[in-house]
Amino acid sequence: MNLQDDLQVRWWNLEAKMTERFGKKPDLETILFLVGIQEFGEIREKFTKEQKQDLMHVAVCSLLTQSGYYELERVDEDGWPHFAQLKALPELNPREQEDFIKDHVLLYFDKAGF
């Protein structure tokens, strides 16, 4: 089994666990949204479209702190985390970008014991 196959199997396992937990198979954007909410630390009845985009940005930055691409710089008065980029992201094609993020999502959930 190559690394690509291993990533896909681990991703399917995460999707299965999330489907069991939430009753619906999530896509990558949904998972990023959930990570963003977790990192923001506040569950709300409703988020604006801009807040949803901000949550996904928080998720990506949080995920990539694991590999030293970002670090938490501060949390503002409204509770939103802000990050500083520490190093350039690798140049990847769209498929590789998705796998790069998926790998970081899997690491995040492994560390969380999910």
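The values are calculated or read from the model by the stated rules, or taken from the named source; none is laboratory data. Quick caveat, the model's predicted, so the values are computed rather than measured. Reconstructed Cβ throughout: ideal geometry from the backbone, glycine too, with neighbour counts over all protein chains shown.
Going by the conditions given, is Glu39 exposed (fewer than 14 other Cβ atoms within 10 Å of the Cβ), among the acidic types (Asp, Glu), closer than 18 Å to Tyr108 by Cα and touching a helix residue (DSSP H, G or I) at 6+ places or on another chain (Cβ under 7 Å)? No: the conditions fail for Glu39. Summed over the stretch 57-81, the residues that are assigned to a loop (DSSP other than H, G, I, E, B) and either of a type in the set (D, E, K, R) or touching a strand residue (DSSP E or B) at 6+ places or on another chain (Cβ under 6 Å) (or both) give a count of 3. Screening the candidates Asp6, Asp54 for the property of being assigned to a helix (DSSP H, G or I), at pLDDT below 95 and acidic (Asp, Glu) yields one hit, Asp6. What tally of residues in the stretch 15-50 results from selecting those that are in a helix (DSSP H, G or I), free of Cβ contacts under 8 Å to residues at least 60 places away in the same chain and under 16 Å from the mean Cα position of the chain (by Cα)? Summing the residues that are in a helix (DSSP H, G or I), free of Cβ contacts under 8 Å to residues at least 60 places away in the same chain and under 16 Å from the mean Cα position of the chain (by Cα) in the stretch 15-50 gives 11. On the basis of being surrounded by 13 or more Cβ atoms within 10 Å (Cβ to Cβ) and farther than 21 Å from Leu7 by Cα, does Lys46 make the cut? It is false that Lys46 is surrounded by 13 or more Cβ atoms within 10 Å (Cβ to Cβ) and farther than 21 Å from Leu7 by Cα.
Checking each residue in the stretch 74-100 for being touching a helix residue (DSSP H, G or I) at 6+ places or on another chain (Cβ under 7 Å) and aliphatic (A, V, I, L, M) picks out only Leu92. Filtered by the rule that a residue be basic (Lys, Arg) and under 19 Å from Thr30 (Cα atoms), the stretch 62-110 gives Arg95, Lys102.
Looking at this structure, is Phe114 in contact (Cβ under 8 Å) with a residue 24 or more places away in the chain, closer than 20 Å to Asp27 by Cβ and not in a helix (DSSP H, G or I)? Considered against the rule, which asks whether it is in contact (Cβ under 8 Å) with a residue 24 or more places away in the chain, closer than 20 Å to Asp27 by Cβ and not in a helix (DSSP H, G or I), Phe114 comes out as yes.
Selection of the stretch 1-14 for residues being under 21 Å from Gln97 (Cβ atoms) and under 17 Å from the mean Cα position of the chain (by Cα) yields Leu7, Gln8, Arg10, Trp11, Trp12, Leu14. The residue list Tyr70, Tyr108 contains one member that is touching a Cys at 6+ places or on another chain (Cβ under 8 Å) and in contact (Cβ under 8 Å) with a residue 12 or more places away in the chain, which is Tyr70.
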